[in-house]
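A short write-up of the structure that comes next.
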Amino acid sequence: MEIDIKKYYELHDQSVQWINEIQFMTDEQVFLEHLLSSHFLELSSSKLYETTKRLIRKLKEVEVLGNDLMDKIQLHNKHVGTIIENFNKEYQVNVDQEHQSIKKDLDSYLLKFRYIKKKIFGIIKAIMKDHKQKLLINKA
């Protein structure tokens, strides 16, 4: 049985793409944290406190998931490199299964992150709209 090296270069490229995507999402998480911090007073009101607390907790959970996933992908990429460099046939099946497992984890991570981001943007949008209405009322 011969190893399809081209396939493993594609796995490597996909792994690098995943790493870049997670790094970008990490930057987005930092932005979301700053966004929440900049609206701290409004978010700590009794009306929004529990929702905000839950969202911050979920954002932290997603951050941990992203870090764990990044570690998995980097290790996986080393495994792919081992196959490419050594034509290691024994490793082949494990890496294919590992790749599929990571893809499922990444898809789940992406869904969770997008959901939290949408919720945070929704709350901040409502706060900004409320703030704008108050400014308009005060000008009148």
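The table below gives the values:
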{"read-out": "The chain: angle of helix 49-86 to the longest principal axis, Cα-based, in degrees nearest 10", "value": "20 degrees"}
{"read-out": "Low-density loop cleavage sites - trypsin sites (Lys or Arg not before Pro) in the stretch 1-103, where at most 11 other Cβ are within 10 Å (DSSP)", "value": "LYS47"}
{"read-out": "Most mobile listed residue (MET128, MET25, MET70) in the chain, GNM with C-alpha springs under 10 Å", "value": "MET128"}
{"read-out": "For the chain, alpha-carbon Rg and Dmax in angstrom", "value": "21.3, 80"}
{"read-out": "Karplus (6.51, -1.76, 1.60) ³J(HN,Hα), θ = phi - 60°, over the stretch 126-137, in Hz, Gly and Pro reported as x", "value": "5, 5, 5, 5, 4, 4, 5, 5, 5, 5, 5, 5"}
{"read-out": "The chain: most fluctuating residue of LEU32, LEU65, LEU48 per GNM, C-alpha cutoff 10 Å", "value": "LEU48"}
{"read-out": "Percentage relative contact order, the stretch 5-139, counting C-alpha pairs under 8 Å, at least six apart", "value": "36 percent"}
{"read-out": "Unsatisfied cross-links (Cα-Cα over 22 Å) in the set LYS72/LYS119; LYS72/LYS112; LYS119/LYS139; LYS47/LYS117; LYS117/LYS139", "value": "LYS72/LYS119; LYS119/LYS139; LYS117/LYS139"}
{"read-out": "Phi to ³J(HN,Hα) by Karplus 6.51 cos²θ - 1.76 cosθ + 1.60 over the stretch 109-125, Hz, x for Gly, Pro", "value": "4, 4, 4, 4, 5, 4, 4, 5, 4, 4, 5, 5, 4, x, 5, 5, 4"}
{"read-out": "Estimated 222 nm signal from helices in the chain, with DSSP H stretches of n ≥ 4 weighted -39500 (n - 2.57), rounded to 500", "value": "-33000 deg cm²/dmol"}
{"read-out": "FRET efficiency, 1/(1 + (r/R0)^6) with R0 35 Å, evaluated for ILE5 and TYR49 via beta carbons", "value": "0.05"}
{"read-out": "C-alpha long axis of helix 5-38 to longest principal axis of the chain, angle in °", "value": "20 degrees"}
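Read the figures in this text as sums done on the coordinates, not as results from a lab. Note that the structure is predicted; figures quoted are calculated from it, not measured. Please note: Cβ atoms are built from the backbone with ideal geometry, for glycine as well, and neighbour counts cover all protein chains shown.
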